[in-house]
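A short write-up of the structure that comes next.
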Amino acid sequence: MPSPSDSHSAFKPPHCPNPDCVFHLESTGWRFKRAGFYHRDARPHRIQRYRCSHCHRAFSSQTFSPTYWLRRPDLLEPVFRAEVAGSGHRQIARQFGVVHATIQRLVDRLGRHCLLLHETFRKKAQAHLSKEPVVMDGLGTFAGGQYWPLELTGLIGSATYYSHDFVVTERRRGGTMTELQKKRRAAYEEKLGRPDPKALTRDVLELLRTNLPTEGPIELRTDEKSEYRTALKRLGHPGIEHETTHSKAPRTAKNPLFAINAHHMFVRHSGANHKRETVAFSKRIQAVIHRHAIFQVWRNLVKVASERQTGKGNPGTAARDHAGAMERRAGVEGSAVSEPNRAARARATGLPGRLHEPVRATRAGDSTSASVLRGVRRYEASKLVNKSVLDRGAVQSASD
């Protein structure tokens with residue numbers, strides 16, 4: 001995973017790392033100066049130093065890197081990829097010859113950085129929520145044991161599959177239980193307390209209030225859960241058009257909730273802690289949040305939208321291309337979205353492309369046309385093959 005230390009000439013400190021400095025949160029007018037180098041054993045060996053001109057705090061380019069103070073910075077990218085490949089922490093530790101506590105610390109660090117990285121795109125993605133229907137639903141999981149279930153509620157774009165945000169809510173264990181299990185649940189609740197039955201409503205309200213724009217029409221698709229209706233009433237957004245679908249409806253591509261259903265299926269497929277009947281479940285709620293933050297960044301910015309057609313980009317580029325298509329359909333001319341320059345298009349839409357890669361210039365319509373052409377060519381090729389087989393059979397029968 002590239003770090004700011006890889007290119008000293010291109011790297012510019014975003015702000016002062018001193019929390020007591022006035023330029024820690026707002027860097028407008030901030031000045032700094034270079035203050036030499038220091039050398040280390042890991043790559044890159046030469047690290048640029050800096051000094052804040054206001055508070056005189058010394059720091060380096062490594063201060064802003066996700067590999068800051070790591071003894072094994074080479075493990076960060078492999079652990080990131082293994083985390084979304086369905087591997088448990090002990091499996092990853094055996095693969096790289098380290099203890100599982102090292103993997104847990106790296107995953108916690110990656111989760112914190114992914115939360116911060118996704119936060120930088122929140123306002124840019126928020127502007128495009130009115131350009132496509134948004135789907136919201138929850139995924140049932142647990143942390144620490146089946147007596148502590150959780151609900152992971154996500155907000156997904158129905159056309160771009162872009163994951164806007166998620167919340168994790170503690171729930172009370174329900175379903176069919178034996179008398180012994182009921183006694184254990186009562187003992188745990190007496191010792192640790194009973195989860196708030198209204199917590200899901202509050203978390204969903206916070207999720208919608210944080211991500212939905214305050215103005216403009218929004219089409220929101222959910223199932224018929226009562227907590228969603230209560231949260232929407234409390235939100236009081238006049239532009240929301242709420243569409244509900246029964247949770248037992250066939251989960252096919254024609255289902256209005258297909259985007260979130262496919263997202264949850266992929267979460268269970270890619271995360272070892274969400275697989276059913278597994279020993280690799282998360283032991284802490286914070287671990288669930290960190291691991292899902294890693295999955296969210298990987299799904300939005302790293303993974304391609306289609307592994308069969310790699311030119312389609314990822315949900316980040318799909319969201320940007322979808323916004324551009326909507327602008328063109330509306331007849332907006334002369335905007336930066338319609339310019340052929342891909343850097344200008346990226347600035348105009350603001351949504352991210354692939355992580356650490358240039359923005360793709362492929363548009364949704366272009367990729368669709370290419371896939372149709374490939375399908376036509378395969379069909380024509382199959383007709384030729386079948387015709388040649390029939391011709392060979394006819395020649396052979398005639399010779400017999």
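The values are calculated or read from the model by the stated rules, or taken from the named source; none is laboratory data. Because the structure is a prediction, the values reported are computed rather than measured. Using ideal geometry, Cβ is built from the backbone for each residue, glycine included, and neighbour counts are taken over all protein chains shown. Ligands, DNA and RNA are stripped out before the accessible areas are found, and what is left, the full protein with its side chains, is counted by its heavy atoms. Shrake-Rupley method; radii C 1.70, N 1.55, O 1.52, S 1.80 Å.
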Q: State all residues of region 235-244 that are in a strand (DSSP E or B) and either open to solvent by less than 50 Å² (accessible area, probe 1.4 Å) or more than 21 Å from Ala159 (Cβ to Cβ) (or both); if no residue qualifies, say none.
A: Ile240
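What tally of residues in region 184-202 results from selecting those that are in contact with a helix residue (DSSP H, G or I) (Cβ under 6 Å, 6 or more places away or on another chain) and either outside any helix (DSSP H, G or I) or of a type in the set (Ser, Thr, Tyr) (or both)? Give the steps one after another, and end with the answer.
Start the filter on region 184-202 by keeping residues that are in contact with a helix residue (DSSP H, G or I) (Cβ under 6 Å, 6 or more places away or on another chain), which leaves 200-201.
Among the residues that remain, those that are also either outside any helix (DSSP H, G or I) or of a type in the set (Ser, Thr, Tyr) (or both) are: 201.
The total comes to 1.
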Q: Would you point out the residue of region 248-267, among those that are in contact (Cβ under 8 Å) with a residue 60 or more places away in the chain and open to solvent by 30 Å² or more (accessible area, probe 1.4 Å), that is nearest to Phe142 (Cα to Cα)?
A: Phe258
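Per-residue answers, yes or no, for (1) in contact with a Phe, Trp or Tyr (Cβ under 9 Å, 6 or more places away or on another chain); (2) at pLDDT 95 or above; (3) open to solvent by less than 100 Å² (accessible area, probe 1.4 Å):
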{"position": "Cys21", "(1), (2), (3)": "yes, yes, yes"}
{"position": "Leu25", "(1), (2), (3)": "no, no, no"}
{"position": "Gly29", "(1), (2), (3)": "yes, no, yes"}
{"position": "Pro44", "(1), (2), (3)": "no, no, yes"}
{"position": "Ile47", "(1), (2), (3)": "yes, no, yes"}
{"position": "Tyr50", "(1), (2), (3)": "yes, yes, yes"}
{"position": "Cys55", "(1), (2), (3)": "yes, yes, yes"}
{"position": "Phe59", "(1), (2), (3)": "yes, yes, yes"}
Q) Of everything in region 208-234 that's out of contact with any helix residue (DSSP H, G or I) (no Cβ under 7 Å at 6 or more places or on another chain) and in a loop (DSSP other than H, G, I, E, B), which residue is farthest from Trp148 (Cα to Cα)? A) Glu215
Q: Could you identify the single residue in Gln286, Gln296 that is of a type in the set (S, T, N, Q) and surrounded by fewer than 16 Cβ atoms within 10 Å (Cβ to Cβ)?
A: Gln286
Q) Across region 86-128, what is the number of residues that are more than 14 Å from the chain's Cα centre (by Cα), over 15 Å from His292 (Cβ atoms) and either among the aliphatic types (A, V, I, L, M) or open to solvent by less than 10 Å² (accessible area, probe 1.4 Å) (or both)? A) 9
Q) If you check every pair at least six apart or on different chains, which have Cβ atoms under 9 Å apart with a residue in region 200-216 that is more than 30 Å from Arg173 (Cα to Cα) first and a residue that is aliphatic (A, V, I, L, M) and assigned to a loop (DSSP other than H, G, I, E, B) second? A) Pro213/Ala127
Q: Residues being among the aromatic types (Phe, Trp, Tyr), closer than 22 Å to Ile218 by Cβ and open to solvent by 40 Å² or more (accessible area, probe 1.4 Å): count how many of those fall in region 138-178.
A: 1
Q.
Six or more apart or on different chains, Cβ atoms under 7 Å: show the pairs whose first residue is in region 46-72 and under 29 Å from Gln104 (Cα atoms) and whose second is among the aliphatic types (A, V, I, L, M) and part of a strand (DSSP E or B).
A. Ser60/Ile47; Ser61/Ile47; Gln62/Ile47
Q: Working only within region 68-79, note down all residues that are open to solvent by 10 Å² or more (accessible area, probe 1.4 Å) and touching a helix residue (DSSP H, G or I) at 6+ places or on another chain (Cβ under 8 Å).
A: Tyr68, Leu70, Arg72, Pro78
Q. Which one is farthest from Leu207 (Cα to Cα) among residues in region 141-163 that are among the hydroxyl-bearing types (Ser, Thr, Tyr) and outside any strand (DSSP E or B)?
A. Tyr147
Q: All but one of (1) more than 19 Å from Gln286 (Cα to Cα); (2) assigned to a loop (DSSP other than H, G, I, E, B) hold for Leu205, so report the exception by its number.
A: (2)
